Amino acid sequence: MPETIPLSTIAHGRSGDKGNHANIAVIAYTPAGFEWLRQNLTAQVVASYFTPMAPSRVERFEAANLLAVDFLLYDVLAGGASRSLRIDTQGKTLALTLLQMPIDAPVNLASMVRPRERNDS
């Protein structure tokens, strides 16, 4: 059985509201990680992961220049910021939620993780 890791091992993210909808940007640390996102993190995978929040549909957009994929989750905020009774009415925690999704560790994981900063002191 393959080792699983959280998606956050190869990417970071940001999310927010668009009225009753939410968007989640998932940004790879490296070009190899972006290729993994392009091939594996589909709209269907994200829709399935957020099934408990009942998005009416999920669309995916690519931003190759940012090594990112962006998802628009329709009707997921139960009315939006001023109408929703949910704890996170603006979808600010959705990126963190998605980044905890377990994935099978890719064979070339070393080429996807965040490069370590050099300390030349």
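The values are calculated or read from the model by the stated rules, or taken from the named source; none is laboratory data. Quantities reported herein were computed from a predicted structural model and do not represent experimental measurements. Cβ placement follows ideal geometry from the backbone for every residue including glycine, while neighbour counts extend to all protein chains displayed. These accessible areas exclude ligands, DNA and RNA; they are computed on the full protein's heavy atoms, side chains included. Shrake-Rupley method; radii C 1.70, N 1.55, O 1.52, S 1.80 Å.
Sorted by accessible area (1.4 Å probe), largest first, how do ARG14, ARG116, ARG60, ARG38 line up? Numbers along the way, then the final one.
Numbers: ARG14 180, ARG116 220, ARG60 70, ARG38 95 Å².
Most to least solvent-accessible, the answer reads ARG116, ARG14, ARG38, ARG60.
LEU99 contributes an accessible area of around 10 Å² to the protein surface, as traced by a 1.4 Å probe with all chains present. With each label modelled as a point 7 angstrom along the Cα→C-beta vector, the SER48-THR93 pair spans 2.5 nm. What's the local net charge at VAL46, with K and R +1, D and E -1, over the other residues with C-beta under 14 Å away? Net of charged neighbours comes to 0.
Between ARG57 and ASN40, what is 0.36 nm times their sequence separation minus the Cα-Cα distance? Round to one decimal in nm. It would help to have the intermediate numbers written out before the result.
Working: separation 17, 0.36 × 17 = 6.12 nm, distance 1.80 nm.
This chain segment gains 4.3 nm when fully extended.
If a paramagnetic tag sat 7 Å from the Cα of ASN108 along the Cα-Cβ line, which residues of region 9-46 would have the backbone N under 20 Å from that point? Residues 9-12, 27-42 fall inside that zone.
Could you tell me the calculated FRET efficiency between ILE5 and ARG116, based on Cβ-Cβ distance and R0 = 30 angstrom, to the nearest 0.05? Numbers along the way, then the final one.
Details: r = 17 Å, r/R0 = 0.57.
Efficiency computed from Cβ-Cβ geometry: 0.95.
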